[in-house]
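To start, the structure under review is shown below, and the notes come after it.
The values are calculated or read from the model by the stated rules, or taken from the named source; none is laboratory data. Being a predicted model, the structure only gives us computed values, none of them experimental. Cβ sites come from the backbone with ideal geometry, for glycine too, and all protein chains shown count toward neighbours.
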Amino acid sequence: MDENVTKVFVSGGSTFVRHSAKSDFLYVCSSSILKVFDLTKPEQEPEVLDVVNGAKSFETGHNTALVASNNGECHIYDLKTLKETATLLRSPLGLTSAVFTHGGAMALCGGLDGKLQLVEIKSSEHGVKSTVDVREQIASLSYNDVGDLAAVSLANGDLAIYSYTTAEPTRLHTFSSILVDKRSVIGDADTLRADSGLPLDDDDDDMDGFDDDLDQDIANGGAPQTQPMGKDSTAKFSSVRPDWHPSGDLLAIPTRVREIVVYDRSDLSKPKFQFQSTKDGSHTKPIIDLHWSPNGKLLASVGLDNKLVVWDYKTQRSVQSFDVPMRAFSLSWNRHSDMIIIGTTSGNIIRYEVESSTSKLVSDEATEQEGDEEEEGTNEHLDIDGEKEADSNTGGSPGADSLGSEGLFGGEDDFIIDDDGAGYTENGKRSADDIHNGSGGMHKHKKVRFDNQYQGLSRLLPYSPGGTPWETSRRYLTINPVGYAWSVKQEGYNTVTVTFFDRSLHREYHFRDFNSIDIASMNGEGILLAGSAYHKSLHGSKERVKATMIFKTHDQSRNWQREIQLQPGEFLTSVSLGPNAVFACSSLGYVRRYSLYGRLERLEKMPPVVACINSSKYLVTVTYTSPYNYSFNLQDLDGKYYQRSESLPISVSVEGKRHPIRGLFFSSDGDPCIVGQDNVILVLSRWRDPLQACWVPILDANEGLRRIATGDNVTAWPLGLFKDQFNFIVVRGSEYPSFPLTLPSEMSVKLPVGDDSEGQKTEDTNEEGNGIDNDSDDQPKEKKNSGNSAEEELIRTIVQAELLNDAITNDDVEDETAEERLAALSVRYDAALLKQVGQSCNEGDISDAFYLSTKLRDDRALAAAAKMAERLELAGLVAKINRLREARMEIEEEAEEE
């Protein structure tokens, strides 16, 4: 055993150990020092970094480390440059735990003040996104990065589960008194790491000298001799930190009765199973630490009985046990799941090799249940050039050679670790041909070239309303006012989670994706997902490939999956789920209609389709015309065209943007809407009449945000249009919505006619802040801007009334208050005109005032116009308006007589 023990810190101290998830680095932290070992270069001295004193937790992410300290500070460090990056948080009381969240973009911190604080890592301000008062001291945190769930261990023995899928966390479940009660010890300054759920070395802070004698450490059990443990001492040493399974589905909890129970996140009301002790190992004293292996097949736990036990997930029993010669403090698996390293309370680390037979005992549950699907799915993610993306969070290939007894503790490791299981080329990536053929050979890196047949379509990309590209290991598949679906990369598959803004409608659910799902469509009843086969069709080969389409109802009452045989070079560009039909459109212009039961009902061919949406009656398709122009079609579900191949007024050649379309949806009154990269919301008007359709810009979202939001680099991610309110997600500091997703916001529509704020910001660009000069006395500008505001209100009212009237006439609106809204718009129309009449009267422009009066519809509005003219002593205008009223009355009387 001695050869497996390494003295890392001669001064002793409780020692954190963490392995890199992507490479062969081991991070060992103790006594305000972090040492970085390259396991492939055992002869090389470790690199050293000074960290904050009094570390209570130590976590590593993608080239970063997070340290929470008992002085209330949380620090982040760059593991490449070995420098401190920032102080994320300062708390008045000590912090006990900090973990990375949302793919490493955020950090969740908790401590003695009982507050959970979510802090931004990527932004320079490191602002606190949310704060939750849990009303109890926090002992430890564990985070599920797949489902964005936080397991919060409380000092009173409770375990609370919080959802961080949105910016406002939600408590999903509380396990009452399942953990050891630490209230008597968590605030004790001499507590042996109790407030982090792990024991501290009781002589951490009073080391009188160096101790580099391993034999003495082993003889002493790694710590000074102590009195037999009482109730409080047991509580100090007992772990209260649960651990999430790498798949994100399971949570292993060390209970107060020294059992390890496992819960499924889909049903936290009862345990899924409990690990059973066997002759191969069990714990007779409290558990100090536990962790799942990276491949999820095994669980390792170490206890105060100086035992390291390996548990098998499939059999739910212990399969291997080791004696630990000194007091353990933490444990970590290497990325190949065949070696465990334990950090002790005396500055040592101990290596244990897990028998290969043990590693092979388990056949992954997903492999058994989804084996056929996994064979079909490739889980390859490509960028727009068709090259494979670097997977920043995925571990190495499970089949790669493990370190075994080599590395830090043995002989030379002169082989290259294939971090992403993709093979290496001179430029670090495989070519597109290698990806397609599965070759890992050393070939020259090259861009994908399309055959001439497909050259013009190289700009086409799969599109989902609200969808985003991959951000490290996660992406949004679709976002709309109902909710959103998001995907997280796993080892060999993805995990898709479906979440709702109104959690009373449906319960959040998740499933494993073995089909490389990259497009989706969602409504209040279900979700439609598809693997577009985009990466399989990039090179334009003559081989036919298959796309996969999956439908799920939110209540799981009806699910189906079917494959779509595609033409050579074809891939799905968009899918749409409506109340009574499903559509799948492709890069070669095939439009396939399916029933909600997965039956093909209609097939049509048109120019290459860029995007599609459908309602209960209509289908809108956006088609590719040229590299500089898109067209649109509007037809009913049976194929009758209302508009065909009409030009779409959005910019297609938008440099640096992933897709020219930011949003495509039907308004609540059934009118098609589209949002381009300029963030102007266009609504289609008069589309039921041939050759009359026109796109009306009803809102410039960028300008609207400048009116209602503060700060720079704020954009709107479009979701929908409800009556006169634009629904969107506020995006700050990035191009796409981040994790966690903020709740939707609303903005009143306002036509971009150049109103007061726009005029002032254009002319007063030298003014600090928002550019508005509040002290300006430029009267002509005020006159013009005031007029623009009244004009905008009038035009907006006309547009809204026209849209609503068409919908009512054609029985396309479901709102029972539609008639009342139309009547209210008629009143607003006259009111907007009267404002302009008043402006013209004030300016003495009698001709303009009378012209506007002729447009007034209600006699009461005409009477009001006459009174305004009379107050300003415009007798001629009063006479004209009165004659107009009399003429209208005569016409009405004649009409009644007839």
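Summary table
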| read-out | value |
| --- | --- |
| Qualifying residue in the stretch 623-640 (condition: more than 27 Å from Gln692 (Cα to Cα) and either in contact with a helix residue (DSSP H, G or I) (Cβ under 9 Å, 6 or more places away or on another chain) or part of a strand (DSSP E or B) (or both)) | no |
| Selected residue (criterion: nearest to Ser20 (Cα to Cα)) from residues of the stretch 31-85 that are crowded, with 17+ Cβ neighbours inside 10 Å and among the hydroxyl-bearing types (Ser, Thr, Tyr) | Thr60 |
| Gly733 vs. criteria among the small types (Gly, Ala, Ser), within 26 Å of Glu120 (Cβ to Cβ) and either modelled with pLDDT of 90 or more or surrounded by 15 or more Cβ atoms within 10 Å (Cβ to Cβ) (or both) | yes |
| Total residues in the stretch 479-499, condition free of Cβ contacts under 8 Å to residues at least 60 places away in the same chain and part of a strand (DSSP E or B) | 5 |
| The stretch 163-198 - residue that is within 18 Å of Leu741 (Cβ to Cβ) and surrounded by 15 or more Cβ atoms within 10 Å (Cβ to Cβ) and, of those, modelled with the lowest pLDDT | Ala167 |
| Selection count where residues are farther than 16 Å from Ala300 by Cα and buried (at least 22 other Cβ atoms within 10 Å of the Cβ), scope the stretch 248-280 | 3 |
| Strands (runs of 3 or more DSSP E) (entirely within the stretch 1-71) containing at least 3 residues that are within 25 Å of Thr472 (Cβ to Cβ) and not aromatic (Phe, Trp, Tyr) | 16-19, 33-38, 55-60, 64-69 |
| Qualifying residue in the stretch 594-609 (condition: small (Gly, Ala, Ser), touching a residue at least 40 places away in the same chain (Cβ under 8 Å) and in a strand (DSSP E or B)) | no |
| Number of positions in the stretch 628-667 that are among the small types (Gly, Ala, Ser), modelled with pLDDT of 95 or more and touching an Asp or Glu at 6+ places or on another chain (Cβ under 9 Å) | 1 |
| Those residues of the stretch 581-633 which are more than 29 Å from the chain's Cα centre (by Cα), of a type in the set (Ser, Thr, Tyr) and under 16 Å from Ala547 (Cα atoms), in sequence order | Tyr590, Tyr594 |
| Residues of the stretch 678-716 classified as closer than 25 Å to Ser631 by Cβ and in contact (Cβ under 8 Å) with a residue 24 or more places away in the chain, total | 20 |
| Residue match in the stretch 463-478 (condition: of a type outside the set (Asp, Glu), more than 15 Å from the chain's Cα centre (by Cα), outside any strand (DSSP E or B) and closer than 19 Å to Pro660 by Cβ) | yes |
| Test for Leu751: is it in contact with a Lys or Arg (Cβ under 6 Å, 6 or more places away or on another chain), over 21 Å from Val610 (Cβ atoms), buried (at least 16 other Cβ atoms within 10 Å of the Cβ) and touching a residue at least 12 places away in the same chain (Cβ under 8 Å) | yes |
| Residue in the stretch 312-330 that is among the basic types (Lys, Arg) and in contact with a His (Cβ under 7 Å, 6 or more places away or on another chain) present | no |
| Subset tally (residues that are surrounded by 17 or more Cβ atoms within 10 Å (Cβ to Cβ) and polar (S, T, N, Q)) for the stretch 632-656 | 3 |
| Residues satisfying the stated conditions in the stretch 312-347, i.e. closer than 20 Å to Phe237 by Cα and in contact with an Asp or Glu (Cβ under 6 Å, 6 or more places away or on another chain) | Met326, Ser330, Leu331, Thr345, Ser346 |
| Filter result for Leu804 (touching a Lys or Arg at 6+ places or on another chain (Cβ under 7 Å), in contact (Cβ under 8 Å) with a residue 24 or more places away in the chain, closer than 30 Å to Phe666 by Cα and assigned to a helix (DSSP H, G or I)) | yes |
| Strands (runs of 3 or more DSSP E) completely within the stretch 500-589 that count 2 or more residues being of a type in the set (Ser, Thr, Tyr) and surrounded by 24 or more Cβ atoms within 10 Å (Cβ to Cβ) | 572-577 |
| Residue match in the stretch 602-609 (condition: at pLDDT 95 or above, acidic (Asp, Glu) and exposed (fewer than 15 other Cβ atoms within 10 Å of the Cβ)) | no |
| Positions within the stretch 618-631 being in contact (Cβ under 8 Å) with a residue 40 or more places away in the chain and crowded, with 17+ Cβ neighbours inside 10 Å, in sequence order | Tyr618, Leu619, Val620, Val622, Tyr624 |
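Yes or no, residue by residue, for (1) within 19 Å of Thr478 (Cβ to Cβ); (2) in a loop (DSSP other than H, G, I, E, B); (3) in contact with a Lys or Arg (Cβ under 8 Å, 6 or more places away or on another chain):
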{"site": "Ser668", "(1), (2), (3)": "yes, yes, yes"}
{"site": "Leu684", "(1), (2), (3)": "no, no, no"}
{"site": "Asp689", "(1), (2), (3)": "no, yes, no"}
{"site": "Arg707", "(1), (2), (3)": "no, no, no"}
{"site": "Phe728", "(1), (2), (3)": "yes, no, no"}
{"site": "Tyr736", "(1), (2), (3)": "yes, yes, no"}
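Each row is one residue, and each column tells you yes or no for (1) over 17 Å from the mean Cα position of the chain (by Cα); (2) among the β-branched types (Val, Ile, Thr); (3) closer than 28 Å to Ser668 by Cβ.
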| position | (1), (2), (3) |
| --- | --- |
| Asp518 | no, no, no |
| Arg544 | yes, no, no |
| Thr553 | yes, yes, yes |
| Asn559 | yes, no, no |
| Pro568 | yes, no, no |
